[in-house]
1. Using a Gaussian network model on the chain with a 10 Å cutoff between Cα atoms, which of 231, 194, 38 fluctuates the most?
2. Go ahead and set up a Gaussian network model of the chain, Cα springs under 10 Å, then flag whichever of 20, 126, 64 fluctuates most.
3. If you roll a 1.4 angstrom probe over the protein chains with everything in place, what fraction of the accessible area of the chain belongs to carbon and sulfur, to the nearest %?
4. At most 13 other Cβ atoms within 10 Å plus a DSSP loop assignment makes a site exposed; report the longest stretch of the chain without any exposed trypsin sites (Lys or Arg not before Pro).
5. Please state, as a whole number in µm²/s, the translational diffusion coefficient that the Stokes-Einstein equation yields for the stretch 1-127 at 20 °C and 1.002 mPa s, with Rh defined as the Kirkwood radius across alpha carbon pairs.
6. Longest exposed-loop-site-free stretch of the chain, with GluC sites (Glu not before Pro), DSSP loop and at most 14 other Cβ within 10 Å?
7. Towards the positive end of the charge dipole of the chain, with charges on Cβ (+1 Lys, Arg; -1 Asp, Glu), say which of 134, 167, 203 has the farthest Cα.
8. Can you tell me how the stretch 14-53 classifies by the Cα gyration tensor, rounded, prolate or oblate, using a/c under 1.5 as the rounded cut?
Amino acid sequence: METRRLGKTGHESTVAILGAFAFSQATQDETDQAMERVLDAGINHIDVAPTYGHAEERLGPWLAKERGRFFLGCKTMERGKEEAAKELRESLDRLQVDYFDLYQLHAVTTEEELDAALGPGGAIEALQEARDEGLARHLGITGHGVAIPHILLQALERFDFDTVLFPINYIQYTDQTYRDATAKLLDLCQERDVGTMIIKSIAKGKWGDKPQKYNTWYEPFDEEEEIQKSVDFVLSQEITGLCTAGDLTLLPLVLKACENYTKLDQEEQEALIKAGEVYQPLFP
């Protein structure tokens, strides 16, 4: 599988980054089977969080014996220093590791949250201390929602983050405002050598009144051809990689699509965005 440099971290991440939310409701046996597939695919980067159900506990036995194989990213939704420091150490314990390669402020969606996390006594102070102590080698920030490109642009102006994580998919790009803001964010990341990780790559839209068939809060594309188109679109952008969807049944399909990735030219990308106009963006 193709690898790309995760910005100034220097890590060559596989374009498929294991989104550990897929293990949030999984048994240990289900996790073990999925991890064998992950290892077979050569995945070398994991993204996890304490809010992902049982994911940290399920991954712990694997990381205890396979730590050297993976660039490990974790996150906190705490905005205060003491709370974030406590959560970081609890995650280290559950994952059975001594350090994180990347620790991130998670799901910062408003200016108020950004101010709290980056201000005096904010979570960023805990992250910096963890880096000084060797508990986190690099620091990042993640976000969800229509305002995210703007929030992350502000974040990068206020702190020298090593990575960002946020949504891109071809349906979301039918919103010209979101697309333009994302272009500015990606340009700034290129300029400052910031690693870029993408979520919601195969999102089709909100579930609405439909039965929720998958362990995802959004309705995903689930046909192989549609997943391939979605993955090809995202990986054709100037990004490092994408986080796999949060459902174990979709994981093999997303891994296969990443293995079979073909770069789309600009005309092909525009045609896909045009086709996406029949759907409602996940973040309208």
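1. 38
2. Maximum among the listed residues: 64.
3. Details: 5420 of 11830 Å².
The C+S portion of the solvent-accessible surface of the chain is 46 percent.
4. Counting only loop sites that pass the neighbour cut-off, the longest clear stretch is 1-212.
5. On the way: Rh = 15.3 Å.
Answer, rounded: 141 µm²/s.
6. On the way: sites that count: 2, 133, 223, 238.
Segment 3-132 is the longest.
7. Ranked along the dipole, the leading option is 134.
8. oblate
The values are calculated or read from the model by the stated rules, or taken from the named source; none is laboratory data. Remember, predicted model here, so these are calculated numbers, not experimental data. A quick note on method: Cβ atoms are made from the backbone with ideal geometry, for glycine too, and the neighbour counts reach across all protein chains shown. The area values use the complete protein model at the heavy-atom level, side chains included, leaving out ligands, DNA and RNA. Shrake-Rupley method; radii C 1.70, N 1.55, O 1.52, S 1.80 Å.
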